[in-house]
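**Q** Below are the structure tokens for one structure; questions will follow.
The values are calculated or read from the model by the stated rules, or taken from the named source; none is laboratory data. Just so it is clear, the model here is predicted, and its values are computed rather than measured. Here the Cβ is made from the backbone with ideal geometry for all residues, glycine too, and neighbour counts use every protein chain on show. When the accessible area is computed, the model is the full protein with side chains, heavy atoms only, and any ligands, DNA or RNA have been set aside. Shrake-Rupley method; radii C 1.70, N 1.55, O 1.52, S 1.80 Å.
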Amino acid sequence: MNIKTLLMGAIATTALAPAAFAERGSDGQVNIIYWQAPSILNPFLSGGTKDVESASLVVEPLARYNSSGELVAWLVDEVPTTANGGASEDLTSITWKLKKGIKWSDGSDFTSADVKFTYEYCTHPEGGCAQVTKFEGVTSVDTPDDHTVVVNFGAPTPFPYGPFVGGESPILQKAQFSECMGAKAPECTEANFNPIGTGPFAVEEFKPNDVITFVANDQYRDASKPAFSRVLFKGGGDATAAGRAVLETGEFDYAWNLQLAPDVIAQMESAGKGKAVAGFGPLVERLMLNNTNPSPDLGPDDRSVVRPHPFLSDPAVYKAMSMAIDRELLVEIGYGKAGKVTCSWVPAPEAYAISPEGCNVQDIAGANAMLDAAGITDTDGDGVREKDGVPLKILYQTSTNAVRQDFQALIKQWWSEIGIETELRNINASVFFGGDPGSPDTFQKFYADVEMYANTFNGTDPQSYFGNGLCDKAPSPATQWQGENISRFCDEEFDALHAELSGTADMAKRVEIGQKLNTLVFEKGGMIPLVHRGRLSAHANTLGGIDLNVWDSELWNIADWHRAE
Amino acid sequence: MTDAAKQEPLQHSNAQQEADRPTRSQWRDVWDQFKSHRGALAGGMLFLLICVGVIFGPLVYWNDAQYLPTGRDFIKLRDMRPVYHGLWDPSAKMNWAYPLGTDNLGRDTLARLMFGGRVSLAVGIAAMVLALLLGSLVGVLSGYFKKLDGLLMRLTDLFLALPLLPMILVAAVLFRESLSKSIGPEGGVFVLIVCLIGITSWMPTARIVRGDVLAIKEREFVLAARSIGTKPGKIISRHILPNVLSPIMVSATLGIATAIITESALSFLGFGFPPDFPTWGRLLNDAVDRMTLFPERVLWPGILISLTVLSVNYLGDGLRDALDPRIRGR
Amino acid sequence: MLTFTIRRLILAVPTLLFISLVIFLLLELAPGDPMAQVPLTVPPEVKEKMRLALGLGEPVHIRFWKWLVQFFWIEPQVLLDHYFGTTFSEGDLRVISWQTRSPVMDIVVQRLPQTLWVVGTAYVVAILIALPIGIYSAYRQYSWFDQMGTFVSMVGFSVPPFFSGVLVIVIFSVQLGWFPSIYDTTLVVDSWDSFVKQLQQMIMPVMVLALQITAQLSRFMRASMLDNLNQDYVRTARAKGLSEYIVVMVHVLRNSMIPVVTVIALGIPSIFGGAIITEQVFKVNGIGQLLIGAIQANDLPMVQTLTFIFAVLIVLFNLIADVLYGILDPRIRYD
């Protein structure tokens, strides 16, 4: 009897303890600040990171990437592969098996009809869906039963994890959005602001471009989560203020994407209220080299269209320019622990990265010698070298941003030491990155010799990103200056290799081709990669469970967040 | 309310001047009055000092504003503290060759302040003068000539309503290329910024001047001038303008400060000078993030902007008193 | 005066229509793209489709006409519906923001309270401080009070809010921890505690803004008072044996108000316009932040509607200023 009660008691305590420890909503409110304010909670209508990430508290995909870039099942039992029979042998269809018992926050059941509806919603020709590329190649979505979804592709797809995977492609509730198809999508304000989801939180109030309040979702599949009962999601201001609110005053618990100089971050951290965490995706700050002639003397149809560039096409010039750069210093000045030296266009996943010799050291003397050897010398004594009579004067543009302007000043100085004169220009980001064909200042038009910005890709497969180096993707007036090949890089070998990559399913082979592509772009003057940039976010010391994820929404595991001692 | 017994002061003093002291010019009187105003004199001197400092300073100072140390020098020379910092923290990194220290890229702060001062003062003064001329012209014309009033004031409303930022974008697209072709990239940006600040800040001056002109033109001395056949142009220049001088002067002082700060906002948004081209506003703006670590970097540009504005303000006070015939007469 | 007012009000209609057209064309001409904030990972063809979904494919004049109809015909109906429960506007398309895909006016209404609270309070505080300072500084010209006033207001004016705002945050939020650095727009004032909270979060933005406005107003007040204090009528009034208080506060003050009234009247529309930088620094997220955000995102319907509302207010308050001129100085006649 005695032993029995004791045992019973022990069992009771072990059973009760975790439950008591992690009770839904027991940790009160968590405050999150994003210095860019979310303007809509429907990621299909915006595509902005701020909107996708705020929505990820509510709506969820079938599978998502974890913080190390691996696919994990989310609303399904397992990720379908050819090995487990989920993906067909001919690579033209995959079958998702939905988890049983998942409910929307309004209490209704989550079924395959919702998944199919999401496909129809985004691919509607008049809807203007921002994530339509996720569904590229999908011919149909079938729903044999309530818990099975079959996605059919028109052609063999070695990487079928575009649709319904990752924060950009979550599942919407059919009942809520069925009236919002196509041209009607923007009119559904109520649905776009208060989507019903399967995620750990539900929207309580949404004030566009200002603040969102969420409450814990009663119907969430794990009864012990989330630990917080409320989320206050504030937007607006600037990165400095966001960092200060978390690290110095402690008003907020989590601040997103603090693009601040490392000494500023270090000083804020020294207040002891929180810490900054970094994660690395494939984001690279790079100098794009114009492979065409941007001279203003050319007409609007020829400027930045006709090849070659008067001097940047010479390997000695662009190699010397790259050698003159002290990448380690750039990292230290601009990004600190959120940056790494790189010479790869695709530095992550790490297998694809290349590290050419001399990438991390500055060699001004070597650069000078290389230019001298190539016969590019200062013939008229003005301190600027000439190639075939054309002085090496460079217009170097970028978007307006404190770190980028520091980089510009440093690089201008280094280039001046190898006899290259640089004129700097900074352009407002909304113009620079805007695709207005009427503006001469967009990065696509590239009316400059060199321009600097950062780019990345979603997910872990770089194939389509490598496609940005193909000859026929160069922007020109004929394509309304649309096209991703900003540097107008054009190389037959590159194009051939890329075609080979598209037909290869073997992973080791893909990596090998990827490295070759990386090398080609670096060696043949497509761009000068500078810094492999990470995402730096800050959280309060009292916030536990943070697992910074750069492959998916940063808030992907908010259900596991909790108050720490 | 106002007593009718008021004489027309300017006419009176002119008459007296012609009769009593034919050798003394009006400007001599103005100078005499100005000299006796201590604040104005001090303000003027300070302003002159700042101007001389920023114009001739870079010629004698040994560091270049745009030079960046490279290699090992970079780490050694960046984030240098000003020399006076040694008074309370002798261990700080400093060097007499860099009296006010260096910034996070190792550029000399004093050299940048002087270089930036040239640009800021030039932009501030040029934009202020442009805004003042436009504002006074529109204000006087619409206050004095009833026919023009409606049209000019609606124009003012239009300009007040226009959003500044899109306007700058349009102007930059339309004019930047052609301007930089004819007078170089920096000159082009300078003209563009001055014109933009000028044509977007004349409206308050115009409204204020118009209000005063409306009141003054009903005064007896204007009536008297008109009744003896004085031409409108003459009435405006001799009788109206001197009497609306004080609001114009206040607008002028406030205008310089606004122009200097607007310029920094424009550069901040990426519409201003090239990024390696320092101005006071930009120096201040860039330093705000590191305010607690390096307070001197915000203090110096801040102090200089304030001093400039203060000195111009006292200068304006003195000028107004000196130009006001009623005060001068006493 | 009444006929003048009525005539001006009627005249305001074509003026405003013209202004709205100019604003529209200006926004149309300006480079920029509502898709600029969409990440580079979204391909250009998709962005083009999204642009078409926003209605950007239609010609300029049609879009202007649509905006006119939506703003002047449909929005008033929505207002009527809201107050009287009617259903005039059912099914009509309102002015829709490109960023949020929701009616612009709803967001404006949502943002107005915090802007009016903060900027409006700052304005009232500034007027209450500036007028006495200006009057006394002029009355005791070159006294130490005047010198101090000049100094403080000039420094206050020449220090931009992006600096003074951060400075007060560093002092009062980070070092002392007295006030929150981030304005909470979800706070509902329904008890003494929440009222205190509201006061705490308002103090810093209000003070920073008030400093700027005070500096400007007190300078104009002082200059104008100085002009009038030297007039002959003041001597007459004093000679008549009026008390000093009456002379200064009634006779001189009333005559000095014209430039000050202009400055105040011109400033009131800007209350509704919010204070862009101050709102950004303190995260008040009012109308100013809405406008700058919309401009940066090239949300043309939002920018167009906001600037047009400002235009209406500007025209209105300029008219009020003109009427006040006539009241302050009966010699000013418009007819």
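**Q** Residue C:266: closer than 20 Å to residue B:209 by Cα, surrounded by fewer than 22 Cβ atoms within 10 Å (Cβ to Cβ), within 13 Å of chain B (Cβ to nearest Cβ) and more than 15 Å from the chain's Cα centre (by Cα), yes or no? Step through it out loud before you land on a result.
**A** Numbers: closer than 20 Å to residue B:209 by Cα: yes; surrounded by fewer than 22 Cβ atoms within 10 Å (Cβ to Cβ): yes; within 13 Å of chain B (Cβ to nearest Cβ): yes; more than 15 Å from the chain's Cα centre (by Cα): no.
No; evaluated as a whole, the condition is false for this residue.
**Q** Report whether or not residue A:470 is out of contact with any Leu (no Cβ under 8 Å at 6 or more places or on another chain) and either within 26 Å of residue A:257 (Cα to Cα) or open to solvent by 20 Å² or more (accessible area, probe 1.4 Å) (or both).
**A** For residue A:470, the condition - out of contact with any Leu (no Cβ under 8 Å at 6 or more places or on another chain) and either within 26 Å of residue A:257 (Cα to Cα) or open to solvent by 20 Å² or more (accessible area, probe 1.4 Å) (or both) - is met.
**Q** I would also like to ask the following. List the number of the failed condition for residue C:56; all other conditions in (1) within 26 Å of the chain's Cα centre (by Cα); (2) more than 7 Å from chain A (Cβ to nearest Cβ) hold.
**A** With respect to (1) within 26 Å of the chain's Cα centre (by Cα); (2) more than 7 Å from chain A (Cβ to nearest Cβ), residue C:56 is out only on (1).
**Q** Considering only residues of the stretch A:399-431 that are assigned to a strand (DSSP E or B) and at pLDDT 90 or above, which is least open to solvent (accessible area, probe 1.4 Å)? Walk me through it before giving the result.
**A** Residues of the stretch A:399-431 assigned to a strand (DSSP E or B): A:399, A:421-427.
Then keep just the ones that are at pLDDT 90 or above; that gives A:421-422.
Numbers: A:421: 87, A:422: 10 Å².
Going through the qualifying residues, I end up with A:422.
**Q** Please give the number of the condition residue A:176 fails out of (1) of a type in the set (S, T, N, Q); (2) open to solvent by 40 Å² or more (accessible area, probe 1.4 Å); (3) within 14 Å of chain C (Cβ to nearest Cβ).
**A** So residue A:176 meets the others, but not (3).
**Q** One residue is enough: does the stretch C:139-152 have a residue meeting the conditions of a type in the set (Asp, Glu), more than 9 Å from every other protein chain (Cβ to nearest Cβ) and out of contact with any Cys (no Cβ under 8 Å at 6 or more places or on another chain)?
**A** Restricting attention to the stretch C:139-152, the residues satisfying the condition of being of a type in the set (Asp, Glu) are C:146.
If we keep only those that are more than 9 Å from every other protein chain (Cβ to nearest Cβ) too, we end up with C:146.
Narrowing further to those that are out of contact with any Cys (no Cβ under 8 Å at 6 or more places or on another chain): C:146.
Within the stretch C:139-152, one or more residues are of a type in the set (Asp, Glu), more than 9 Å from every other protein chain (Cβ to nearest Cβ) and out of contact with any Cys (no Cβ under 8 Å at 6 or more places or on another chain).
Residues checked against (1) touching a Leu at 6+ places or on another chain (Cβ under 7 Å); (2) at pLDDT below 90:
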position	(1), (2)
B:127	no, no
B:133	no, no
B:138	yes, no
B:148	yes, yes
B:158	no, yes
B:168	yes, yes
B:171	yes, yes
B:182	no, yes
B:191	yes, yes
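**Q** Oh, and also: Which numbered condition trips up residue C:72, out of (1) exposed (fewer than 14 other Cβ atoms within 10 Å of the Cβ); (2) in contact with a helix residue (DSSP H, G or I) (Cβ under 9 Å, 6 or more places away or on another chain)?
**A** Tallying (1) exposed (fewer than 14 other Cβ atoms within 10 Å of the Cβ); (2) in contact with a helix residue (DSSP H, G or I) (Cβ under 9 Å, 6 or more places away or on another chain), residue C:72 fails exactly one: (2).
**Q** Now, a different point. Among the listed residues B:145, B:115, which satisfies the condition of being open to solvent by 40 Å² or more (accessible area, probe 1.4 Å), under 24 Å from residue B:188 (Cα atoms) and touching a residue at least 40 places away in the same chain (Cβ under 8 Å)?
**A** Going through B:145, B:115 in turn, the sole match is B:115.
**Q** With respect to residue B:201, is the statement that it is buried (at least 18 other Cβ atoms within 10 Å of the Cβ), within 14 Å of chain C (Cβ to nearest Cβ) and closer than 20 Å to residue B:280 by Cβ true?
**A** Numbers: buried (at least 18 other Cβ atoms within 10 Å of the Cβ): yes; within 14 Å of chain C (Cβ to nearest Cβ): yes; closer than 20 Å to residue B:280 by Cβ: yes.
The answer is yes for residue B:201.
**Q** Shifting gears a bit: What residue, among those in the stretch B:264-301 that are buried (at least 24 other Cβ atoms within 10 Å of the Cβ) and within 18 Å of residue C:212 (Cα to Cα), is farthest from the chain's Cα centre (by Cα)?
**A** Looking at residues that are buried (at least 24 other Cβ atoms within 10 Å of the Cβ) and within 18 Å of residue C:212 (Cα to Cα), I get B:284.
**Q** When you go through B:174, B:162, B:169 one by one, which is the residue that is within 12 Å of chain C (Cβ to nearest Cβ), out of contact with any Ser or Thr (no Cβ under 6 Å at 6 or more places or on another chain) and closer than 18 Å to residue C:308 by Cα? Write out each step before concluding.
**A** Numbers: B:174 fails: closer than 18 Å to residue C:308 by Cα; B:169 fails: closer than 18 Å to residue C:308 by Cα.
Among B:174, B:162, B:169, only B:162 is within 12 Å of chain C (Cβ to nearest Cβ), out of contact with any Ser or Thr (no Cβ under 6 Å at 6 or more places or on another chain) and closer than 18 Å to residue C:308 by Cα.
**Q** Hey, another quick one. Among the residues of the stretch A:190-212, count how many are more than 9 Å from chain C (Cβ to nearest Cβ), among the charged types (D, E, K, R) and under 24 Å from the mean Cα position of the chain (by Cα).
**A** Looking only at that region, the number is 0.
**Q** Continuing with this model, one more query. Of all residues in the stretch A:134-160, which are free of Cβ contacts under 8 Å to residues at least 60 places away in the same chain and not in a strand (DSSP E or B)?
**A** Our first condition is that a residue be free of Cβ contacts under 8 Å to residues at least 60 places away in the same chain; within the stretch A:134-160, this holds for A:134-148, A:150-151.
Those that are free of Cβ contacts under 8 Å to residues at least 60 places away in the same chain and not in a strand (DSSP E or B): A:134, A:135, A:136, A:137, A:146, A:147.
**Q** Looking at A:222, A:218, A:210, can you tell me which residue is surrounded by 24 or more Cβ atoms within 10 Å (Cβ to Cβ) and more than 30 Å from residue A:502 (Cβ to Cβ)? Break it down stepwise before answering.
**A** Working: A:222 fails: surrounded by 24 or more Cβ atoms within 10 Å (Cβ to Cβ); A:218 fails: surrounded by 24 or more Cβ atoms within 10 Å (Cβ to Cβ).
Selected residue: A:210, the only one of A:222, A:218, A:210 that is surrounded by 24 or more Cβ atoms within 10 Å (Cβ to Cβ) and more than 30 Å from residue A:502 (Cβ to Cβ).
**Q** Another question, if that's okay. Of the residues A:546, A:528, A:486, which single one is hydrophobic (A, V, I, L, M, F, W, C), open to solvent by less than 30 Å² (accessible area, probe 1.4 Å), in contact (Cβ under 8 Å) with a residue 24 or more places away in the chain and part of a loop (DSSP other than H, G, I, E, B)?
**A** A:486
**Q** On the given criteria, is residue B:160 open to solvent by 20 Å² or more (accessible area, probe 1.4 Å), assigned to a helix (DSSP H, G or I), touching a residue at least 40 places away in the same chain (Cβ under 8 Å) and hydrophobic (A, V, I, L, M, F, W, C)?
**A** It is true that residue B:160 is open to solvent by 20 Å² or more (accessible area, probe 1.4 Å), assigned to a helix (DSSP H, G or I), touching a residue at least 40 places away in the same chain (Cβ under 8 Å) and hydrophobic (A, V, I, L, M, F, W, C).
**Q** Would you be able to say whether some residue in the stretch C:230-243 is of a type in the set (Val, Ile, Thr), in contact with a helix residue (DSSP H, G or I) (Cβ under 7 Å, 6 or more places away or on another chain), open to solvent by 20 Å² or more (accessible area, probe 1.4 Å) and farther than 30 Å from residue C:57 by Cβ? Break it down into steps so the answer makes sense when it comes.
**A** Keep residues of the stretch C:230-243 that are of a type in the set (Val, Ile, Thr), which gives C:234, C:236.
Those still in the list that are in contact with a helix residue (DSSP H, G or I) (Cβ under 7 Å, 6 or more places away or on another chain) too: C:234.
Going one step further and asking which of them are open to solvent by 20 Å² or more (accessible area, probe 1.4 Å), we end up with none.
No, that holds for no residue.
**Q** Also: Condition (residue is free of Cβ contacts under 8 Å to residues at least 40 places away in the same chain, within 13 Å of another protein chain (Cβ to nearest Cβ) and more than 22 Å from the chain's Cα centre (by Cα)) applied to the stretch A:233-248: is it met by at least one residue? Walk me through how you get there before you give the answer.
**A** Taking the stretch A:233-248 as the starting set, the residues that turn out to be free of Cβ contacts under 8 Å to residues at least 40 places away in the same chain are A:240, A:244, A:248.
Right, trim to within 13 Å of another protein chain (Cβ to nearest Cβ) and you get A:240, A:244, A:248.
Next, only the ones that are more than 22 Å from the chain's Cα centre (by Cα) stay: A:244, A:248.
Within the stretch A:233-248 (the criterion being free of Cβ contacts under 8 Å to residues at least 40 places away in the same chain, within 13 Å of another protein chain (Cβ to nearest Cβ) and more than 22 Å from the chain's Cα centre (by Cα)), the answer is yes, since at least one residue qualifies.
**Q** Residue by residue through the stretch A:473-483, note down the ones that are open to solvent by less than 20 Å² (accessible area, probe 1.4 Å) and in contact with a helix residue (DSSP H, G or I) (Cβ under 8 Å, 6 or more places away or on another chain).
**A** Across the stretch A:473-483, the qualifying residue is only A:483.
**Q** Based on this model, can you work out whether residue A:215 counts as more than 25 Å from the chain's Cα centre (by Cα), aliphatic (A, V, I, L, M) and part of a strand (DSSP E or B)? Before the answer, list the steps.
**A** Details: more than 25 Å from the chain's Cα centre (by Cα): yes; aliphatic (A, V, I, L, M): yes; part of a strand (DSSP E or B): yes.
The answer is yes for residue A:215.
**Q** Next question, about the same structure. Taking the stretch A:549-564 as the search range and keeping residues that are open to solvent by 20 Å² or more (accessible area, probe 1.4 Å), in contact (Cβ under 8 Å) with a residue 40 or more places away in the chain and in a loop (DSSP other than H, G, I, E, B), which one is farthest from residue A:316 (Cα to Cα)?
**A** Of all residues in the stretch A:549-564, those open to solvent by 20 Å² or more (accessible area, probe 1.4 Å) come to A:550-551, A:556, A:560, A:562-564.
Checking the rest, the ones that are also in contact (Cβ under 8 Å) with a residue 40 or more places away in the chain come to A:550-551, A:556, A:560, A:562-563.
Within this subset, residues satisfying the condition of being in a loop (DSSP other than H, G, I, E, B) are A:550-551, A:556.
Working: A:550: 36, A:551: 37, A:556: 46 Å.
That would be A:556.
**Q** Further question on the same structure: Restricting attention to the stretch C:301-315, which residues are open to solvent by 10 Å² or more (accessible area, probe 1.4 Å) and within 10 Å of chain B (Cβ to nearest Cβ)? So that I can check it myself, show each step before the final result.
**A** First, pick out the residues of the stretch C:301-315 that are open to solvent by 10 Å² or more (accessible area, probe 1.4 Å): C:301, C:309-310, C:312-315.
Selection gives C:309, C:310, C:312, C:313, C:314, C:315.
**Q** Determine which member of the set C:246, C:332, C:320, C:258 is surrounded by fewer than 22 Cβ atoms within 10 Å (Cβ to Cβ), in contact (Cβ under 8 Å) with a residue 40 or more places away in the chain and β-branched (Val, Ile, Thr).
**A** One residue alone meets the criteria, C:320.
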